[in-house]
Amino acid sequence: MKKITTIAASVALIASMSYAKEVKIGVVLPITGPLAAFGQTSNDGLKIAYAQNHTLKNGDTVKLIVLDDRGDKVEAATAVKRLINKNHVTAILGEVASSNSMAMAPVAEKAKTPMLTHASTNPRVTKGKKFVTRACFIDPFQGAIQANYAYDHGYKTAVIVTDAKQDYSVGVSKAFKKAYEKRGGKIVGRVIINSGDKDFNAQVSTIKAKNPSIVDFTGYYPEAALMVRQARAVGVKAPFIGGDGVGFPELIKIGGKAAEGFMYSDHFDEAAATSPVAKAYVKAFHAKYHKATDSMGALAADGYGMILAAMNKCKDPTDKICVNTNLRATKGYKGVTGVININKQGDAVKSGVVRVVKNGKFSYLTTVNP
């Protein structure tokens with residue numbers, strides 16, 4: 001009897017193993033290129049989340065296929081086509097930059113493949129889309145965080161710096177202006193830069209002449225670091241405030257002492273990590289990388305977790321329509337960056353934080369609720 005029972009158990013185990021399958025999730029990130037810091041830290045956070053959980057409730061295992069688009073729009077769209085047509089992924093995580101996500105979105109939409117961007121904040125990324133969702137807040141909320149924080153702390157005149165090549169920057173600039181002027185703040189000047197620029201002599205001269213009480217920089221960290229250095233060199237004393245695109249170690253490494261006091265809106269800070277999920281992530285991140293966590297990694301972890309949660313609600317986790325439906329129906333998801341609710345546009349409604357460079361490090365200032 002015991003032998004028969006053992007054989008039966010073995011048969012059951014083999015049967016369950018034969019039904020378990022590999023579910024593929026494609027990932028598109030700028031691992032190299034001008035925004036490599038975004039992609040690399042996103043991948044770091046993704047590795048932590050994957051190590052914590054890579055098995056679905058039905059026993060299926062998850063496989064990640066990570067492609068480097070080098071921060072290029074064409075490469076990003078090509079990567080999505082490859083993931084869908086060659087690798088046959090069920091869902092896609094990425095990209096970071098809004099411009100690249102907007103290049104990817106039509107491909108995913110046409111193939112009816114759920115795409116979740118963890119960090120692209122421009123509203124147009126999800127606008128009119130049925131298969132594109134995001135794990136981060138959007139630019140109008142981010143721009144309002146900057147505007148309200150600046151105005152509430154006595155900065156009543158501003159110059160806006162916009163990167164004309166980045167949809168992200170254009171969107172945040174518009175949102176800041178709208179919220180700032182609504183509060184009673186005055187925009188005394190606007191200057192344009194382009195990604196890749198290194199000489200900002202003309203722009204910082206304009207800022208100095210306008211003498212604002214604050215400078216709203218809406219681009220990314222490579223240009224932010226250089227501009228703040230050059231601004232301080234010509235005597236601009238006004239503090240800088242920006243968005244999540246500036247909050248990377250390179251801002252401090254390149255900007256040096258000039259970066260002191262640079263404030264920015266962001267998605268995550270360890271000081272605000274109070275939930276069990278957030279604490280577990282921070283502990284695992286520190287143990288593996290021996291450095292402070294960052295928002296991109298935390299957002300990537302949340303994006304991955306949201307996809308797994310959606311798959312676990314499907315009888316067949318490779319059913320793209322089912323996975324997408326559940327992603328769009330996400331409510332009360334307890335992630336690393338906080339509680340996430342997805343609205344009818346596919347956007348995340350969630351809290352944000354304000355951080356500042358203090359004594360050569362990023363420090364937490366406050367949390368802002370939606």
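Just to be sure I understand, how many residues within the range 240-262 are buried (at least 20 other Cβ atoms within 10 Å of the Cβ) and outside any helix (DSSP H, G or I)?
Of the residues in that region, 10 qualify.
Could you count how many residues in the range 339-364 are over 16 Å from the mean Cα position of the chain (by Cα), under 24 Å from Pro276 (Cβ atoms) and hydrophobic (A, V, I, L, M, F, W, C)?
Counting residues in the range 339-364 that are over 16 Å from the mean Cα position of the chain (by Cα), under 24 Å from Pro276 (Cβ atoms) and hydrophobic (A, V, I, L, M, F, W, C) gives 1.
In the range 144-176, what count of residues is obtained for those that are under 23 Å from Ser101 (Cβ atoms), of a type in the set (D, E, K, R) and at pLDDT 95 or above?
2
So Met296 passes all but one of these: (1) touching a strand residue (DSSP E or B) at 6+ places or on another chain (Cβ under 9 Å); (2) surrounded by 21 or more Cβ atoms within 10 Å (Cβ to Cβ); (3) assigned to a helix (DSSP H, G or I). Which condition number does it fail?
Result: Met296 passes all but (1).
Quick one: Lys288 ticks every box in (1) touching a residue at least 60 places away in the same chain (Cβ under 8 Å); (2) of a type outside the set (Phe, Trp, Tyr); (3) under 30 Å from Tyr149 (Cα atoms); (4) surrounded by fewer than 14 Cβ atoms within 10 Å (Cβ to Cβ) bar one, so which box is it?
Result: Lys288 passes all but (3).
Within the range 263-272, count every residue that is small (Gly, Ala, Ser) and surrounded by fewer than 24 Cβ atoms within 10 Å (Cβ to Cβ).
Count: 2.
In the range 63-97, what count of residues is obtained for those that are crowded, with 20+ Cβ neighbours inside 10 Å and in contact (Cβ under 8 Å) with a residue 60 or more places away in the chain?
Qualifying residue count for the region: 9.
Mind listing whichever residues of the range 326-353 are assigned to a strand (DSSP E or B), in contact with a strand residue (DSSP E or B) (Cβ under 9 Å, 6 or more places away or on another chain) and surrounded by 22 or more Cβ atoms within 10 Å (Cβ to Cβ)?
Gly338, Ile340, Ile342, Ala348, Gly352, Val353
If we keep just the residues of the range 132-178 that are among the aromatic types (Phe, Trp, Tyr) and within 18 Å of the chain's Cα centre (by Cα), which is surrounded by the most Cβ atoms within 10 Å (Cβ to Cβ)?
Residue satisfying both the conditions and the ranking: Tyr168.
Only residues that are part of a strand (DSSP E or B) and under 28 Å from the mean Cα position of the chain (by Cα): list them for the range 188-210, please.
Those that are part of a strand (DSSP E or B) and under 28 Å from the mean Cα position of the chain (by Cα): Arg190, Val191, Ile192, Ile193.
The values are calculated or read from the model by the stated rules, or taken from the named source; none is laboratory data. Fair warning: this is a prediction, and the values are worked out from it, not measured in the lab. Heads up, the Cβs are rebuilt from the backbone with ideal geometry, glycines too, and the neighbour counts pull from every protein chain shown.
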